[in-house]
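Bear in mind that the values in this text are calculations on the coordinates, not laboratory data. In this text, all values refer to a predicted model and were calculated from it rather than measured experimentally. Cβ placement follows ideal geometry from the backbone for every residue including glycine, while neighbour counts extend to all protein chains displayed.
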Amino acid sequence: MEVSLVDTDVLIDYKRAKQKENAWLVTLAGQYEIAVSTISVFELLRGQNQDEDLYWHSKFTEMRILDFDYACCTEAARVYKELRSTGQPIGIEDVLIAAVALTNGLRLATGNRQHFSRIGGLTLLTA
């Protein structure tokens, strides 16, 4: 089964969904093996709520976690410089997540098409 990296917003939308079976993450999981980056893990665990942390830790055990390694660092630097040179910067976490997708040759499932569509070579899945 093909792997898709999911952006942090897809995970948050799933958690907030009243009917989990209708969440986009569930649809994606039926079509792809779901992977998340260590950047998304950081974004979701950086708050002060221990119950939230427990929730996310339990969800992460069901997902493939992709590290942000040296290759991702060099790709992120390239993307960052490219966006800055065109006057279209995006948040650093988005740059890092995009670098994980690009380095691993994965599609990125995101609700944030506005930011990620600025990155050349990145294939997006949007709801």
Using modelled backbone amide H atoms (1.01 Å from N, in-plane), which distant-in-sequence or interchain residues come within less than 5 Å of Leu66's amide H?
Val36, Ser37, Thr38
Using alpha-carbon positions, what is the distance between the centroids of segment 57-127 and segment 1-53, in Å?
15
Can you work out the base-10 log of I(q)/I(0) for the chain at q = 0.15, 0.16, 0.20, 0.22 1/Å, using the Debye formula on its C-alpha atoms alone?
-0.68, -0.77, -1.16, -1.35
Given the peptides 87-93, 16-22, arrange them by the average over their residues of other C-beta atoms within 10 Å, most packed first.
87-93, 16-22
Work out, step by step, the length gained on full extension between Asp53 and Gln19: first 0.36 nm times the residue separation, then minus their alpha carbon distance; give nm to one decimal.
10.1 nm
